[in-house]
Amino acid sequence: MSDLVSMSPRELSRAEVMQQLKAKRITQRQAAEQLGLTVRQIKRLWRAYRTGGAKALISKHRGRPSNHQLDPKIKKKAHEMIRERYADFGPTLAHEKLTEVHHLQLSLETVRQLLIAEHGWQPHRARPVQTHPLRTRRARRGELVQLDGSPFAWFEERGPACSLLVYIDDATGQLLELFFTPAETTFSYFAATQRYLARHGRPVAFYSDKHSIFRLTNAAATSASGLTQFGRAMTELDIAIICANSPQAKGRVERANQTLQDRLVKELRLQRISNAERANAYAPQFMADFNRRFGLPPADPIDAHRPLLLSHQLEHIFTVQTPRTVTQNLTVQHNKIVYQLDQPRGTRAFRGAQVMVVEDAQGQITLEYQGRQLAYTLYQQQRRQAEVVSSKQIAAAVEAAQRKPSVTIPAANHPWRNYPKPKAPPEPPGRGAAPGGQAPPAGGA
């Protein structure tokens with residue numbers, strides 16, 4: 001039993017060749033050709049075989065720990081870090097954190113095996129392959145910027161769900177703007193775009209979906225300019241808006257949303273951020289790191305962004321501007337509210353004129369006519385009826401309805417409060433009262 005030797009298939013092949021070489025049926029050059037080795041290696045194996053027999057061909061590393069195995073101390077520390085902070089991270093993101101934050105020298109495959117063996121991580125099931133026609137990237141940075149909103153629980157259980165507005169460059173795949181907002185509205189896109197313009201300048205075109213913020217979705221709807229408020233603002237800034245015909249057409253921003261819903265959520269957790277204000281302050285730092293990892297150089301190094309001009313008054317451009325006609329009573333109705341124009345000399349000339357109702361993000365209303373502001377007073381506010389709300393704004397509409405008081409309380413200057421109080425009716429005569437309502441004399445009869 002002591003003569004039994006355990007050998008691998010490669011070692012058995014070498015032993016057979018050495019036996020043929022011992023019997024002088026082949027030469028050393030032929031043995032080298034059969035085993036795929038050099039003649040020098042065959043000479044070394046032949047010397048070992050003549051000295052120790054077939055046992056000498058067995059690897060000396062068998063039964064010994066590998067010289068390249070992971071240090072048990074590093075493995076233990078990596079396991080503790082994953083368990084405490086990165087239990088739900090994927091292998092790639094966990095490897096980045098362990099390497100860059102904790103300075104642990106691990107390979108990506110090692111981290112993957114740790115997650116599978118000790119934390120039960122499983123790779124996602126591969127999706128069925130769908131073939132879509134490919135589109136070549138734009139050549140210059142800023143030629144085409146894809147934008148989209150992604151409603152998601154970005155702060156997990158630490159804060160309310162909100163939407164993230166994502167601006168990604170088509171030529172480089174770089175994130176150019178991230179903006180957290182309670183819901184996708186015209187004013188939220190105004191705020192995000194204003195941050196974008198301040199940082200990069202004016203792009204050539206924005207590439208979006210068919211949301212009603214970017215295009216008129218009702219074919220029967222009429223507008224003075226045929227544009228939405230966002231479209232009107234982009235026209236003033238000389239920025240084109242292109243609407244994609246399908247989600248796959250703007251796949252770059254759609255894939256970016258999926259990546260952000262994994263990476264950005266975990267980064268916000270590590271930074272202990274739980275509200276939109278702090279998240280917007282952290283967004284530039286995250287974008288810089290994201291672009292460093294995944295950004296690509298453009299085919300043409302010339303940047304297509306254009307600077308803002310002095311004539312671009314962004315505070316005025318990024319407002320909701322609605323044309324209205326002045327009635328014969330010098331009133332203007334907008335958003336269920338009637339505005340009464342003041343009547344200085346020459347005001348009657350405004351009858352039938354077109355004025356612009358300008359509303360900013362704070363809800364302040366300004367009436368403008370040919371570039372100058374008109375004085376007004378609130379005349380009447382009508383009751384709101386059922387309004388059409390898009391699917392992405394349902395949550396914000398429900399929260400706004402919950403904040404409204406269930407009972408309307410009249411204002412302090414409401415005419416109802418100035419009505420004269422009714423006089424109290426005279427009290428009926430009591431049982432012991434004298435005729436005429438006078439009290440009986442003291443002491444009875």
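Any idea how many residues of the stretch 266-298 are assigned to a helix (DSSP H, G or I), among the hydrophobic types (A, V, I, L, M, F, W, C) and within 30 Å of Arg135 (Cα to Cα)?
6
For Leu37, all conditions in the list (1) part of a helix (DSSP H, G or I); (2) surrounded by 12 or more Cβ atoms within 10 Å (Cβ to Cβ) hold save one; what is the number of the exception?
(1)
Against the conditions (1) at pLDDT 80 or above; (2) out of contact with any Leu (no Cβ under 8 Å at 6 or more places or on another chain); (3) surrounded by 12 or more Cβ atoms within 10 Å (Cβ to Cβ); (4) among the β-branched types (Val, Ile, Thr), where does Val5 fall short? Just the number, please.
Going through the list (1) at pLDDT 80 or above; (2) out of contact with any Leu (no Cβ under 8 Å at 6 or more places or on another chain); (3) surrounded by 12 or more Cβ atoms within 10 Å (Cβ to Cβ); (4) among the β-branched types (Val, Ile, Thr), Val5 breaks only (1).
Examine the stretch 157-173 for a residue that is over 10 Å from the mean Cα position of the chain (by Cα), in the same structural domain as His211 (by TED's automatic domain parsing), assigned to a helix (DSSP H, G or I) and more than 27 Å from Thr322 (Cα to Cα), and state whether such a residue exists.
The answer is yes, given that some residue of the stretch 157-173 is over 10 Å from the mean Cα position of the chain (by Cα), in the same structural domain as His211 (by TED's automatic domain parsing), assigned to a helix (DSSP H, G or I) and more than 27 Å from Thr322 (Cα to Cα).
Hey, Phe180 hits all of (1) over 15 Å from the mean Cα position of the chain (by Cα); (2) surrounded by 15 or more Cβ atoms within 10 Å (Cβ to Cβ) but one; which does it fall short on?
Failing condition for Phe180: (1).
Could you tell me whether the stretch 118-138 includes any residue that is surrounded by 13 or more Cβ atoms within 10 Å (Cβ to Cβ), at pLDDT below 95 and closer than 18 Å to Arg306 by Cα?
yes
Just to be sure I understand the filter: pairs with C-beta atoms under 8 Å, separated by 6 or more residues or on different chains, first member in the stretch 37-56 and closer than 10 Å to Ala15 by Cα, second member outside any helix (DSSP H, G or I). Which pairs pass?
Leu45/Leu37; Ala54/Val5; Ala54/Met7; Lys55/Val5
Among Asn280, Asn329, Asn335, which is the only one that is closer than 27 Å to Arg141 by Cα and not aliphatic (A, V, I, L, M)?
Among Asn280, Asn329, Asn335, only Asn280 is closer than 27 Å to Arg141 by Cα and not aliphatic (A, V, I, L, M).
Mind checking which residues of the stretch 183-197 are without any contact (Cβ under 8 Å) to a residue 60 or more places away in the chain, surrounded by 21 or more Cβ atoms within 10 Å (Cβ to Cβ), closer than 18 Å to Met287 by Cα and of a type outside the set (A, V, I, L, M, F, W, C)?
Correct list: Tyr196 only.
When Met7 is evaluated against the numbered criteria (1) more than 21 Å from Glu267 (Cα to Cα); (2) in a helix (DSSP H, G or I); (3) touching a residue at least 12 places away in the same chain (Cβ under 8 Å), which criterion, by number, is the only one it fails?
The one condition Met7 does not meet is (2).
The values are calculated or read from the model by the stated rules, or taken from the named source; none is laboratory data. Just so we're clear, the structure is a prediction, and the values are computed from it rather than from any experiment. Neighbour counts are summed over all protein chains in view; Cβ atoms, including those assigned to glycine, are modelled from backbone coordinates with ideal geometry.
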